[in-house]
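Novice: Sharing a structure below in structure tokens format, with a few things to ask.
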Amino acid sequence: METRFKTLDIIYQIHAEEMSEETWACARGCATCCTRNVTLTTLEGRRLYDWISSTAPHLMDGVKKKAQAPRQIPTYTVNGLTDMCMAGDEVPEEPSDPGWGACPLLSDEGLCEVYEARPFACRSMVSKNRCETSGFAEMNDLTLTINNALMQYIEHTDDKGLTGNLTDTLILLEERANQAAHEAETLTPPFTHFIANRPAQVLMVPPPHREAVGKIMEMIQQRKG
Ligand code: SF4
């Protein structure tokens with residue numbers, strides 16, 4: 001488990017370094033992307049749950065209070081999506097609506113209560129413009145590719161785990177038995193609202209971005225040691 005956590009931390013760190021190379025409109029208190037549509041792997045969920053239980057356990061009350069509220073339930077993972085694209089299969093649409101409401105970890109002041117432990121889906125939501133005025137996030141193609149490749153890497157690192165909505169994942173991992181099963185890599189479906197993770201067969205990287213993403217992958221390997 002420690003090795004998997006270490007890989008996750010390295011990915012978070014390298015992603016932060018890459019994103020710091022550019023100027024973004026995102027700022028403290030800007031929370032348009034903090035909706036109930038955040039999905040994550042169980043590896044990230046465990047990282048986040050451990051942080052919450054040791055730092056701010058009361059946050060789980062808010063998570064559980066909105067447990068049944070509408071939220072994005074994933075129907076495929078990022079590696080599953082890649083496999084579908086490679087096979088030329090049609091990708092099904094995932095119901096998702098920002099109007100379903102705010103993330104249960106967003107404070108009334110519009111601040112993330114778990115900022116240092118937030119999952120990759122949140123870290124990857126950067127924008128060149130202010131989303132609350134434009135209505136959408138704007139990022140360049142390379143950033144999208146890097147985000148996608150690192151998301152694939154995280155799922156690959158947790159390939160015996162699951163992907164689910166942030167709310168469902170935190171509630172799942174609050175159970176000691178599920179934590180133990182995840183540590184033992186035996187956390188397998190059927191679990192309502194979750195999809196089984198998969199290893200990355202190939203990274204979805206278009207030719208113009210291969211050099212940049214290749215360097216990032218090398219950095220990850222070097223830091224893993
Ligand atoms: S975890 Fe934090 S950054 Fe992510 S959606 Fe929730 S409030 Fe926003």
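Novice: Filtering region 66-97 down to residues that are within 16 Å of the ligand (Cβ to nearest atom) and of a type in the set (S, T, N, Q), which residue is surrounded by the most Cβ atoms within 10 Å (Cβ to Cβ)?
Specialist: Step by step, filter region 66-97, then rank; the result is GLN72.
Novice: Also, quick follow-up: Quickly run through region 18-31 and pick out the residues that are away from the ligand (no atom under 11 Å from the Cβ) and under 15 Å from VAL114 (Cα atoms).
Specialist: ARG28, GLY29, listed by residue number.
Novice: Output the qualifying pairs, or none if there are none: Cβ atoms under 8 angstrom, residues six or more apart or on different chains, first residue in region 98-115 and within 11 Å of the ligand (Cβ to nearest atom) and at pLDDT 95 or above, second residue of a type in the set (Lys, Arg) and not in a loop (DSSP other than H, G, I, E, B).
Specialist: Hits for this filter: PRO104/LYS65.
Novice: Can you tell me which of (1) outside any helix (DSSP H, G or I); (2) free of Cβ contacts under 8 Å to residues at least 60 places away in the same chain; (3) among the hydrophobic types (A, V, I, L, M, F, W, C) is the one PHE5 doesn't meet?
Specialist: (1)
Novice: Can you name the helices (runs of 4 or more DSSP H) wholly within region 118-178 that have at least 3 residues being within 16 Å of the ligand (Cβ to nearest atom) and modelled with pLDDT of 95 or more?
Specialist: Result: 120-123, 141-157, 166-174.
Novice: What tally of residues in region 131-146 results from selecting those that are in contact with a Cys (Cβ under 8 Å, 6 or more places away or on another chain) and either without any contact (Cβ under 8 Å) to a residue 12 or more places away in the chain or within 30 Å of PRO207 (Cα to Cα) (or both)?
Specialist: Adding up the residues that qualify gives 2.
Novice: Okay, moving on. Please state which of the following conditions THR23 fails to meet, knowing it meets all the rest: (1) surrounded by 20 or more Cβ atoms within 10 Å (Cβ to Cβ); (2) at pLDDT below 95.
Specialist: Here THR23 meets the rest and fails (1).
Novice: Of all residues in region 32-80, count the ones that are in a helix (DSSP H, G or I), under 17 Å from VAL114 (Cβ atoms) and aliphatic (A, V, I, L, M).
Specialist: 6
Novice: Can you name the residue in region 181-194 that is under 27 Å from GLN13 (Cβ atoms) and buried (at least 18 other Cβ atoms within 10 Å of the Cβ) and is also modelled with the highest pLDDT among such residues?
Specialist: HIS182
Novice: Looking only at region 160-168, decide whether some residue is in contact with a helix residue (DSSP H, G or I) (Cβ under 6 Å, 6 or more places away or on another chain), of a type outside the set (Val, Ile, Thr) and surrounded by 18 or more Cβ atoms within 10 Å (Cβ to Cβ).
Specialist: Looking for residues that are in contact with a helix residue (DSSP H, G or I) (Cβ under 6 Å, 6 or more places away or on another chain), of a type outside the set (Val, Ile, Thr) and surrounded by 18 or more Cβ atoms within 10 Å (Cβ to Cβ), one finds at least one in region 160-168, hence yes.
Novice: Scanning for something within 19 Å of the chain's Cα centre (by Cα), within 21 Å of ALA200 (Cα to Cα) and either outside any loop (DSSP other than H, G, I, E, B) or hydrophobic (A, V, I, L, M, F, W, C) (or both), does region 83-92 turn up at least one residue?
Specialist: Yes; the residues of region 83-92 include at least one that is within 19 Å of the chain's Cα centre (by Cα), within 21 Å of ALA200 (Cα to Cα) and either outside any loop (DSSP other than H, G, I, E, B) or hydrophobic (A, V, I, L, M, F, W, C) (or both).
The values are calculated or read from the model by the stated rules, or taken from the named source; none is laboratory data. Predicted, not measured: the structure shown is a model, and the values here were computed from it. All Cβ positions, glycine included, derive from the backbone under ideal geometry; neighbour counts span all protein chains shown.
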